[in-house]
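*Asks:* The structure's right below; bear with me while I get my questions together.
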Amino acid sequence: MENYPPAPYLPITAWAEDDRPREKLLNKGRLSLSDAELIAILIGSGSRNESAVDLAKKILNSVERNLNELSKLSLTELMKFKGIGEAKAITIAAALELGRRRQTSDFLELPVIRGSQDAFRAIAPVLQDLPHEEFWILVLNKGNKVLGKEQVSVGGTDATIVDARIVFRKAIEAKAISIIVSHNHPSGTMRPSQADIELTRKLKNAGEMLGIPVLDHLIIVDKGYYSFADEGMM
């Protein structure tokens, strides 16, 4: 984990060329840069009394140098840092969102779901870091390959209403052979609620009647997931 002790102010223009973030990326490649240096490139300049790198370190320190937590900061929260105006806040938010979306489009071939970890990797990028609950389904073909991801509902900070008819209408329209359902818990609580258990039972029974089995129900949190199938609850 990176640690950022305070340092006397020295403008980046006074740094050795190899230490300047832009020149460092150009000469040594992007992997040579720290998170703070990458963010410094995004924001371009700091304030009168601190460099862009120092400002980036201050922002990262506020979220314990965790990029997942950084992605949750609103524009207003980013703009509380001296030297971060609306344009810079938007640039940071856009870069983090682009990184998140990259995770959802990494697959050149359809991913195969062999277990809960595969399902988690396929659906987590759209559900992690959200401040509210959302319910999604993974649409699978005969070979358990992911044909697509479908959003079913959006709720509040602690619940979302799920209509089984909408779930299976989307599954039928996507020509699903089977599905995996998933939703997130913004609270970070991984264990299912009684409502989650009842919904899973309802969807499982409906899937059996329609010939579109529900293979698993994942509850996604920032640090992992809960699988109903792994727990013997399917």
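The values are calculated or read from the model by the stated rules, or taken from the named source; none is laboratory data. Since the model is a prediction, treat every value here as computed from it, not as a measurement. Here the Cβ is made from the backbone with ideal geometry for all residues, glycine too, and neighbour counts use every protein chain on show.
*Asks:* Name the single residue, out of those in the range 11-52 being modelled with pLDDT under 75 and in a helix (DSSP H, G or I), that is surrounded by the most Cβ atoms within 10 Å (Cβ to Cβ).
*Replies:* Across the range 11-52, the extreme among qualifying residues is Ile12.
*Asks:* Assigned to a loop (DSSP other than H, G, I, E, B), charged (D, E, K, R), touching a Ser or Thr at 6+ places or on another chain (Cβ under 8 Å) and modelled with pLDDT under 80: does that describe Glu2?
*Replies:* Here the answer is yes, as Glu2 does meet what is asked.
*Asks:* Return the residues of the range 90-137 that are under 27 Å from Glu231 (Cα atoms), at pLDDT below 90 and over 14 Å from the mean Cα position of the chain (by Cα); say none if nothing qualifies.
*Replies:* Leu110, Pro111
*Asks:* Does Val152 count as farther than 30 Å from Leu73 by Cβ, surrounded by 15 or more Cβ atoms within 10 Å (Cβ to Cβ) and touching a helix residue (DSSP H, G or I) at 6+ places or on another chain (Cβ under 6 Å)?
*Replies:* no
*Asks:* What do you reckon, is Ala119 in contact (Cβ under 8 Å) with a residue 60 or more places away in the chain and in a helix (DSSP H, G or I)?
*Replies:* Values: in contact (Cβ under 8 Å) with a residue 60 or more places away in the chain: yes; in a helix (DSSP H, G or I): yes.
Against the criterion (in contact (Cβ under 8 Å) with a residue 60 or more places away in the chain and in a helix (DSSP H, G or I)), Ala119 qualifies.
*Asks:* Which of the residues that make up the range 156-190 are surrounded by 19 or more Cβ atoms within 10 Å (Cβ to Cβ) and polar (S, T, N, Q)?
*Replies:* Hits for the range 156-190 are Ser178, Ser182, Asn184.
*Asks:* Right, next: With respect to the numbered conditions (1) farther than 26 Å from Thr160 by Cα; (2) without any contact (Cβ under 8 Å) to a residue 24 or more places away in the chain, which one is the sole condition not fulfilled by Glu69?
*Replies:* The one condition Glu69 does not meet is (1).
*Asks:* Of all residues in the range 140-165, which are modelled with pLDDT under 95 and aliphatic (A, V, I, L, M)?
*Replies:* Val146, Leu147, Val152, Val154, Ala159, Ile161, Val162, Ala164
*Asks:* Since Lys223 meets every condition but one in (1) charged (D, E, K, R); (2) modelled with pLDDT of 95 or more; (3) surrounded by fewer than 16 Cβ atoms within 10 Å (Cβ to Cβ), which condition does it not meet?
*Replies:* For Lys223, the exception is condition (2).
*Asks:* Okay, moving on. From the list Gly29, Gly99, Gly46, Gly83, exactly one residue is in contact with a Gly (Cβ under 7 Å, 6 or more places away or on another chain) and without any contact (Cβ under 8 Å) to a residue 40 or more places away in the chain. Which is it?
*Replies:* Numbers: Gly29 fails: in contact with a Gly (Cβ under 7 Å, 6 or more places away or on another chain); Gly99 fails: in contact with a Gly (Cβ under 7 Å, 6 or more places away or on another chain); Gly83 fails: without any contact (Cβ under 8 Å) to a residue 40 or more places away in the chain.
The unique qualifying residue is Gly46.
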